[in-house]
Amino acid sequence: TILVVDFGSQVTQLIARRVREAGVYSEIAPFTQAEEAFERLKPKGIILSGGPESVTVEGAPSVPQYLLEAGIPIFGICYGQQVMANQLGGSVEAGDSGEFGRAFLEVVGECTLFDGLWKPGETHQVWMSHGDKVRALPEGFEVVAKSPGAPFALVADEGRKFYGMQFHPEVVHTPDGGKLIANFARHVCGIAEDWSMAEFREQKIAEIREQVGDGKVICGLSGGVDSAVAAVLIHEAIGDQLTCVFVDHGLLRAEEASQVVGLFRGHYNIPLVHVDAEDMFLAGLAGVTDPEAKRKFIGKTFIDVFEAEAKTIGGADFLAQGTLYPDVIESVSFTGGPSVTIKSHHNVGGLPERMNMKLVEPLRELFKDEVRELGRELGLPDAFVGRHPFPGPGLAIRIPGEVTKEACDILRKADRIYLEEIRKAGLYDAIWQAFAVLLPVRTVGVMGDYRTYDRVCGLRAVTSTDGMTADVYPFDGSFLSSVATRIVNEVKGINRVVYDYTSKPPGTIEWE
Ligand code: XMP
C-alpha cells in the first residue's frame, strides 16, 4: 500500500489513480489524519500531495514528524516537496510570480525514479503549477533534474529514499509522470502488483454488502454512464434489494430517457421506476440565471423527488449515486482538506442536510475511464459505456441565462445534429465530450432576404482522459462549417454558430 497524504491539491486523486495504474493499492488521507492512516495501513511508501498553501506562512500544514522518521520512502510533489524540504532543514521562499504550464527538464543525475525511463543529458516535458519554491536543500539531497525556472525541479536523497519534485507528475501533461510514480511504487518501495479492476469489483461488492446488510437501496439514474455502472454493480452485490429510480428532469438529450429505460428494464431486468418530473424542474428553474443557483436547485429537487419516491416504494434506507471523483473534488475537498470550490456538482452540492437516507457511492474514488473499464468488466454494452459524459444538471448548465422548455427543445435539436455529424465523420470515440450550448444573446442575421434576430449556439468538443484537464478538439474548418450550416438551416431559433476554443484550465468543460 501507498499512503497519499493530501494537502488540498485539486488533483490529489490523480496521484492515487496513477498508483492504481501501476497495479498498486493506495489510499488518501488528509494531512490531519495521516498518522492514524499510517498506523492502520502500514504503507510501504508515502506520497505527499501538492496544495494551495504556502509553507512560508505561519501555521501552514505540515507532515507529521513521525512519518518523516518512519524509515520508509517518501515522494513529495510541489507543496509536498516544499514542506518536506522545510521540515528536514532546507528552506523555501515565497514566489512573487508563479510558474504554470509546460516546462522542460534537463536530467542532470541518476535516480531510481528514472529506471528504464530517463538518462542524464535528456530533456523531458513536465507540468508546473506553483508559486513558492525550494531555496536550499536539506542535507543528503541532490538535484537530479532541473529547468531554467526551477533549479530544484527534482531532488533525491537516495540514502533515505526521499524524493521531491516541483512539477506535477500526476497530470497527463507530464507524459512520463505516471511512470515516475510507478517506479516509486514498484522499484523504490518494492511493492508487487496487488490491484486490478476485477479486484476493485470484488472489493466494492463486499463493501456494499457490508454497508447495506439486508437494507433496501434506491439508486438514482441520471441517464449517464456513471449512475448506470453504479446501479449494475450494486445490483450484482444485493440483487433486488435495489430499486432504480430514473428521475427524468426534462433536461436530458434527445432520446436519452428511452435508452436508459430500455437497458435497465429490457436488458438487465433491474426494477426501475421512471418519474417524469420535467414540469417540476422547469417551473423551479423559471427566472433562475445564476449557475450555482441552478445547480443547487436541481441537486436539491433531484433528492426531493427521490425522497418522495423512496416513501412510495417504502422502507429504503440507502440512496445510491454514481458520484465520481471529479464531481467530489470540484465540490469540496475529497478528504475534508483545504481545496477551493469551483462548481457545486450535482450529486454532492445539492444534498440537503435533512436527508434521511444514507449514501452509497461506490464510484467515489474513480475517474471516468476507470468507470468505463468497470462497466466493461460488469458486461455493460460497449456503445453504452463509451457514451460521452453528461452532467447531472443536464441541459440547464448548457443554457446560460434562463432555462425554458423552448430553449431546451432548440438545444436538443442543435446538439443532435452536431453529434450526428461527429459520428458520421467517425470522430465520436476520439472526443471526450462534445455538445452544443445555447446562449442568451441574440444577433442579427440574414436568411432569404429577411432579417433574422435569433440566438447563438456554441459548440464545444474536448479531449481529456479524466475531465480534470482538457484540450480543445481541433476540427477541420470545413467540418465545423458544415455543422454550422446544418444547425442554422434546420433549427428554428438559432441563426449563428460559434466554436469554443478554450482549454481546461483556464476554462471548464461545461459553460456553467
Ligand atoms: P467541468 O465543467 O467542471 O466538468 O470542467 C468536468 C466534467 O464533469 C462533468 N460535470 C458534471 N457531472 N454532475 C456530474 O455528474 C455535475 O454537476 C457536473 N458538472 C460537470 C462535465 O460534463 C465534465 O465531463
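Residue check: is residue 51 of a type in the set (Gly, Ala, Ser), in a loop (DSSP other than H, G, I, E, B), surrounded by fewer than 23 Cβ atoms within 10 Å (Cβ to Cβ) and at pLDDT 90 or above?
no
Output yes when any residue across segment 35-55 is under 25 Å from the mean Cα position of the chain (by Cα) and without any contact (Cβ under 8 Å) to a residue 40 or more places away in the chain, and no when none is.
yes
Just give me the residues in segment 438-487 being basic (Lys, Arg) and in contact with an Asp or Glu (Cβ under 9 Å, 6 or more places away or on another chain), in sequence order.
Of everything in segment 438-487, those that are basic (Lys, Arg) and in contact with an Asp or Glu (Cβ under 9 Å, 6 or more places away or on another chain) turn out to be 442, 460, 486.
So which residues in segment 85-141 are small (Gly, Ala, Ser) and farther than 23 Å from residue 175 by Cβ, if there are any at all?
85, 89, 90, 91, 94, 95, 97, 131, 136, 140
I need the helices (runs of 4 or more DSSP H) fully contained in segment 363-432, keeping only those with at least 2 residues that are away from the ligand (no atom under 16 Å from the Cβ), touching a strand residue (DSSP E or B) at 6+ places or on another chain (Cβ under 7 Å) and among the aliphatic types (A, V, I, L, M).
Numbers: elements: 368-377, 382-385, 405-424.
Filter on segment 363-432 gives 405-424.
Could you list all residues from segment 441-471 that are part of a strand (DSSP E or B), touching a Phe, Trp or Tyr at 6+ places or on another chain (Cβ under 9 Å) and of a type in the set (A, V, I, L, M, F, W, C)?
Those that are part of a strand (DSSP E or B), touching a Phe, Trp or Tyr at 6+ places or on another chain (Cβ under 9 Å) and of a type in the set (A, V, I, L, M, F, W, C): 444, 457, 459, 461, 462, 470.
Would a scan of segment 444-454 turn up a residue that is within 13 Å of the ligand (Cβ to nearest atom), surrounded by fewer than 20 Cβ atoms within 10 Å (Cβ to Cβ) and in contact (Cβ under 8 Å) with a residue 12 or more places away in the chain?
no
Mind listing whichever residues of segment 110-121 are surrounded by 16 or more Cβ atoms within 10 Å (Cβ to Cβ) and free of Cβ contacts under 8 Å to residues at least 60 places away in the same chain?
111, 118
Name, by its number, the condition in (1) closer than 17 Å to residue 1 by Cβ; (2) in a loop (DSSP other than H, G, I, E, B) that does not hold for residue 57.
(1)
For segment 492-509: of the residues being closer than 19 Å to residue 129 by Cα and β-branched (Val, Ile, Thr), which is nearest to the ligand (Cβ to nearest atom)?
Result: 508.
Can you tell me which residue in segment 285-316 is modelled with the lowest pLDDT, limited to those that are touching a helix residue (DSSP H, G or I) at 6+ places or on another chain (Cβ under 7 Å) and not in a helix (DSSP H, G or I)?
Per the criteria, the residue is 316.
Please state which one of 264, 281 is under 17 Å from residue 392 (Cβ atoms) and assigned to a helix (DSSP H, G or I).
Just one listed residue meets the conditions, 281.
What's the number of the only condition in (1) over 30 Å from residue 404 (Cβ atoms); (2) more than 13 Å from the ligand (Cβ to nearest atom) that residue 325 fails to meet?
(2)
Looking at segment 474-509, which of its residues are in contact with a Ser or Thr (Cβ under 8 Å, 6 or more places away or on another chain), assigned to a loop (DSSP other than H, G, I, E, B), modelled with pLDDT of 95 or more and surrounded by fewer than 20 Cβ atoms within 10 Å (Cβ to Cβ)?
As a first pass, look at segment 474-509 and keep what is in contact with a Ser or Thr (Cβ under 8 Å, 6 or more places away or on another chain): 495-496, 503-505, 509.
When the remaining residues are screened for being assigned to a loop (DSSP other than H, G, I, E, B), the result is 503, 505, 509.
Still in the running and modelled with pLDDT of 95 or more: 509.
None - no residue of segment 474-509 is in contact with a Ser or Thr (Cβ under 8 Å, 6 or more places away or on another chain), assigned to a loop (DSSP other than H, G, I, E, B), modelled with pLDDT of 95 or more and surrounded by fewer than 20 Cβ atoms within 10 Å (Cβ to Cβ), so the list stays empty.
Within 22 Å of the chain's Cα centre (by Cα), farther than 17 Å from residue 466 by Cα, at pLDDT below 95 and crowded, with 19+ Cβ neighbours inside 10 Å: is that true of residue 395 in this structure?
Working: within 22 Å of the chain's Cα centre (by Cα): yes; farther than 17 Å from residue 466 by Cα: yes; at pLDDT below 95: no; crowded, with 19+ Cβ neighbours inside 10 Å: yes.
Answer is no for this residue.
Which residues, counting only those in segment 455-491, are away from the ligand (no atom under 16 Å from the Cβ) and of a type in the set (Lys, Arg)?
455, 486
Strands (runs of 3 or more DSSP E) wholly in segment 95-176 with at least 2 residues that are aliphatic (A, V, I, L, M) and more than 13 Å from residue 81 (Cβ to Cβ) - which ones?
It comes to 99-107.
Identify, please: which residue in segment 211-254 is part of a helix (DSSP H, G or I) and β-branched (Val, Ile, Thr) and is, among those, surrounded by the fewest Cβ atoms within 10 Å (Cβ to Cβ)?
Ranking the candidates gives 212 first.
Looking at 247, 275, 261, 232, which one is farther than 19 Å from residue 415 by Cα, more than 16 Å from the ligand (Cβ to nearest atom) and within 25 Å of the chain's Cα centre (by Cα)?
On the way: 247 fails: more than 16 Å from the ligand (Cβ to nearest atom); 275 fails: within 25 Å of the chain's Cα centre (by Cα); 261 fails: within 25 Å of the chain's Cα centre (by Cα).
Answer to the selection: 232.
The values are calculated or read from the model by the stated rules, or taken from the named source; none is laboratory data. These numbers come from a predicted model, not from an experiment. Counting neighbours? That spans all protein chains shown, and the Cβs are built from the backbone with ideal geometry, glycine included.
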